[in-house]
Every structure is written in structure tokens, then in C-alpha cells.
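What follows is a single structure, written as C-alpha cells, with notes after it.
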Amino acid sequence: MNFDFSDDQKQLRDQARKFLTEKCPPKAVRVVLDGKAPYDKELWKGLAEMGFLGVAIPEEFGGAGAGHLELCVIAEEMGRANAPVPFSSTVYLAAEALLIAGSDAQKKKWLPAIASGEAIGTLALFEGKGNPSPKAIKLAAANGVLNGVKKPVADGAIADFAVVAARTGSSGRESDISLFLVDLKGGGVEVKGLTNLDPTRGQAEITFKDCKAEPLGAAGEGWSILTQVLDRAAVLCAFEQVGGSDRALEMGRDYALDRIAFGRQIGSFQAVKHMLADMYVSATLARSNSYYGAWALSTNASELPEAAAAARISATQAFQHCAKNNIQVHGGMGFTWEFDCHMYYRRANAMALALGSLSYWEDQLIDRMRKKNAA
């Protein structure tokens, strides 16, 4: 079986890399990192014009109608560029939730707006520290009204709408959880920005007070839908992490070839060679698992739950490993603000928690494999 991308998909990758190299150099990322702008609005507009925001959205809802393999290609390039835009929250989470569970009316309202760059979406799941769990959801929904607090919410301070996980029952089962769509520009919503590790990917606290909401999907099916959304997002985030891993490896390699110490390139020293070789191995392993995840996602295969968890684990480990060792290869200079190493280190550690911790996904993989073997 060939898991590689097609020639057309590779051409799309080249197109995305050229665009992002021109429109999202490190200097552009630093404008968001050092400034007050929450994201790069011009880059967001450009991504919409290129059709990248709607690449996996069906044509009937304003998208390109390409598919998830093409979205994986775009995700990898977004990771390489360290793009300071709400791509993952809007495209991997909000759009996927709408595609899975949205009514025709909900899809027609929000998906074209996402594809055109007019709307930013997010998923309001977490309520403080901890991993995704039905028991952790305390925000209550009754009679179409939400009350409670969600934090952290990725890009919550700039989002136009949110998919909100809420408790609608008290049986102690997964069926107590339902999903709702909330227009964040309406009443009953208070948003407060949070300080976080990676300012180029903002986090917020959202308080809902008698906030009107419309159901997304059937009542009591919220956790089932969320599991599907998180699995899809895990694969897409894995590609973003693979892109960041490769770029961190390239940065370390290039510096090792340019830096002279004791009359030699530091890349000629065995310790540095070993470090770069280890980075290459972890990045390549992550790519292998991510390709398997992309196949499972694009074909809606029964193996998707295991493939998504494996991709998430290996890509998280690879990005953190490569980002950290890139700093080590650079030596003392790698710790300075002037060098770009810390931007990838920030992103690697922020992404490691975005969908639940590494240990959460390791537990998920073990549980899913046990259930599959027992069946």
C-alpha cells in the first residue's frame, strides 16, 4: 500500500510552501509575538484567497471540496511556517464539528464564512486543568441557555463562534454531554484573554451567563461527536507538528554547517552529529505515523482511533524533541530572543497540550488497542 501523497497533492504542498515563505517569514511571526495584534490578519486573508481555509469543506458550502489529505498537506506547511493565525481552532476543530454534526442550516451559515476567512471558530471544551473527560465538563445547559466558564479556549478572544461542550444530564454517563453552537458576538458572553506560553496562538477564558445557544447534533451525543472531532484534529495537528519538527531540524543542521569552532564546523563534531541524527529519526517516525493517520482519516477507516492516537503521540514527541535540540545545537545563542529557536520551542510545548496531554493520548491508544483486540 502506498501512503505517499499524489503528484497533485505534492504540487499543492509546493504552492503552500511558496506562499507561506513569502507571506509568513519569521519576521512576520515576530510582529504578532512582540506586538499587540492577536494574529496576522493579512495572512489569514491570504490563506482564504488561496482556498486553504476551505480545502476540506465541500463545494456546496463554499469550500474547495478537495479532502482531508489536501488539508494534511496544508497543515504541515502551516507548522513549518509557525503561522500566527487561528487555523487549527477554526479548521481542525470548529469546521470539523460542523461537518460531522451540523444541520444544513448551520453548515450554510458558518462553513462558507470559514472558507472565505470572514469567521473564526473555536471549540470550548476545557474548564481548567486536566484532560478531555465527560466528568470534567461542568458548564450547564438547560432550555437552550448556557451557564458556566470555559478555559483555556484556543483563539477564544478573536473567535466569532464556538462549539461548546455542556452538561445536559446527571446520570454520570457520557450521554450527559451535548454540544451547542454559540455566536460569541451575541449577549451573555464575557471573554478574557489569558497569558500563555505561545502568544501567537492566543488562549481565553469565556464566561457564559444565560447565553442563548442552539444544539449541534443530537442531545446526549456530544461526547461521541467530540471523540470524532478530537481524532480528526489529532491527525491534522500531527502534520502541523511534523512540519515544525522538520523546520527545527533544518535550522539546527544549517547552523551546525555555518558555525565554526576550533577551526571546524560544529556539525563535524560527533556529539552534534548524534543530536541531529536523533532529531531526524524522531521526525521521520512521526511522519510515518502521521501518514498512516492521514490514510485512516481520508478513508474514514475503522483504524482511525488507533491511527490518530499514534500520530498524535509520535508527532508531539518529535516536535518537542526537535525544538529542544535545535536550541542545544545553537548553544548559548539558541536561548536568546534574537534567534528564532524559541518560537518553535513555544509552539511545540503549546501544541503538546492543545488536545489533551501526551499521557492522555498514550492512555487512549492503549485503551483503544485493548478494546480492538478483545472484540
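The values are calculated or read from the model by the stated rules, or taken from the named source; none is laboratory data. All values reported here derive from a predicted model rather than from experimental measurement. Don't worry about glycine lacking a Cβ; one is built from the backbone with ideal geometry, like all the others, and counts go over all protein chains shown. Heads up: the accessible areas ignore ligands, DNA and RNA and are worked out on the full protein's heavy atoms, side chains in. Shrake-Rupley method; radii C 1.70, N 1.55, O 1.52, S 1.80 Å.
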Original post:
Accessible area per residue of the chain at 1.4 Å probe, in Å²?
Top reply: 44
Original post:
Mind checking the angle between helix 68-81 and the chain's longest principal axis? C-alpha axes, 0 to 90 degrees, to the nearest 10.
Top reply: 50
Original post:
Roughly how many percent of the accessible protein surface of the chain is carbon and sulfur, given a 1.4 Å probe and a whole-percent answer?
Top reply: 52
Original post:
Which chymotrypsin sites (Phe, Trp or Tyr not before Pro) in region 199-269 pass both tests, a DSSP loop state and at most 11 other beta-carbon atoms within 10 Å?
Top reply: 262
Subject >> For region 72-201, alpha-carbon Rg over 2.2 N^0.38 Å >> reply: 1.08
Original post:
To the nearest 10 square angstrom, how much accessible area does residue 3 have with a 1.4 angstrom probe?
Top reply: 80
Subject >> Amide H partners (placed H, <5 Å) of residue 211, local residues excluded >> reply: 146
**OP:** Mind giving me the nanometre distance, one decimal, between the label points for residue 170 and residue 210, set 7 Å out from Cα along Cα→Cβ?
**Re:** 2.2
Original post:
Where Lys and Arg each count +1 and Asp and Glu each count -1, what net charge lies around residue 304 among other residues with Cβ under 11 Å from its Cβ?
Top reply: -1
**OP:** Give me the angle, in degrees from 0 to 90, between the Cα long axis of helix 270-299 and the longest principal axis of the Cα atoms of the chain, rounded to the nearest 10.
**Re:** 30
Original post:
Each residue of region 97-103 in order: what ³J(HN,Hα) in whole Hz does its phi give by Karplus 6.51 cos²θ - 1.76 cosθ + 1.60, θ = phi - 60°, with x for Gly and Pro?
Top reply: 4, 5, 5, 6, 10, x, 6
Subject >> Three principal axis lengths of the chain [C-alpha, angstrom, descending] >> reply: 74, 52, 39
Subject >> Using alpha-carbon coordinates, inclination of helix 104-115 to the longest axis of the chain, degrees >> reply: 20
Original post:
At what distance in nm do the modelled label points of residue 349 and residue 34 sit from each other, each positioned 7 Å from its Cα along Cα→Cβ?
Top reply: 2.1
Subject >> Extended-chain gain in nm, criterion 0.36 nm per residue less alpha-carbon gap, residue 338 and residue 194 >> reply: 49.4 nm
Original post:
List the aspartates and glutamates whose alpha-carbon lies under 19 Å from that of residue 138, not counting same-chain residues fewer than 8 positions away?
Top reply: 127, 174, 176, 190, 205, 210, 214, 221
Subject >> Kirkwood Rh in Å, taken over region 216-375 so that all alpha-carbon pairs contribute >> reply: 16.8
Original post:
Can you list the residues, at least 5 places off or on another chain, whose amide H is less than 5 Å from the amide H of residue 216, using H built in the peptide plane?
Top reply: 179, 180, 181
Original post:
What shape does region 285-345 take by its C-alpha gyration tensor, where a ≥ b ≥ c are the square roots of the eigenvalues and a/c under 1.5 counts as rounded, a/b above b/c as prolate, and the rest as oblate?
Top reply: prolate
Original post:
If you average the sequence gap of Cα pairs under 8 Å that are 6 or more apart and divide by the length of the chain, what percent do you get for the contact order?
Top reply: 15
Original post:
Where does region 311-354 land on Rg/Rh, using Cα atoms and the Kirkwood Rh?
Top reply: 1.02
Original post:
Please identify the trypsin sites (Lys or Arg not before Pro) of region 84-167 that satisfy two criteria: DSSP loop assignment and at most 15 other Cβ atoms within 10 Å. Which are they?
Top reply: 129, 138
Original post:
Can you give the translational diffusion coefficient of region 7-87 in µm²/s, computed by Stokes-Einstein from the Kirkwood radius over Cα pairs at 10 °C and 1.306 mPa s?
Top reply: 122
Subject >> Mean separation of Cα contacts under 8 Å (6+ apart) over length of region 122-219, as relative contact order % >> reply: 32
Original post:
Using the beta-carbon distance between residue 138 and residue 218 and R0 = 30 Å, what value does 1/(1 + (r/R0)^6) give for FRET efficiency, to the nearest 0.05?
Top reply: 0.90
**OP:** For the chain, with a Gaussian network of springs between Cα atoms less than 10 Å apart, report the residue from 233, 157, 66 with the top mean-square fluctuation.
**Re:** 66
Original post:
What does the accessible area of residue 292 come to, in Å² to the nearest 10, when a probe of 1.4 Å is used?
Top reply: 80
Subject >> Stokes-Einstein translational diffusion, region 216-255 - Kirkwood Rh over all Cα pairs, 0.692 mPa s, 37 °C, in µm²/s >> reply: 267
Original post:
In whole percent, what relative contact order does region 7-87 give with Cα contacts below 8 Å and a gap of six or more residues?
Top reply: 37
Subject >> Separation between Cα centres of region 310-362 and region 32-107, rounded to whole Å >> reply: 23
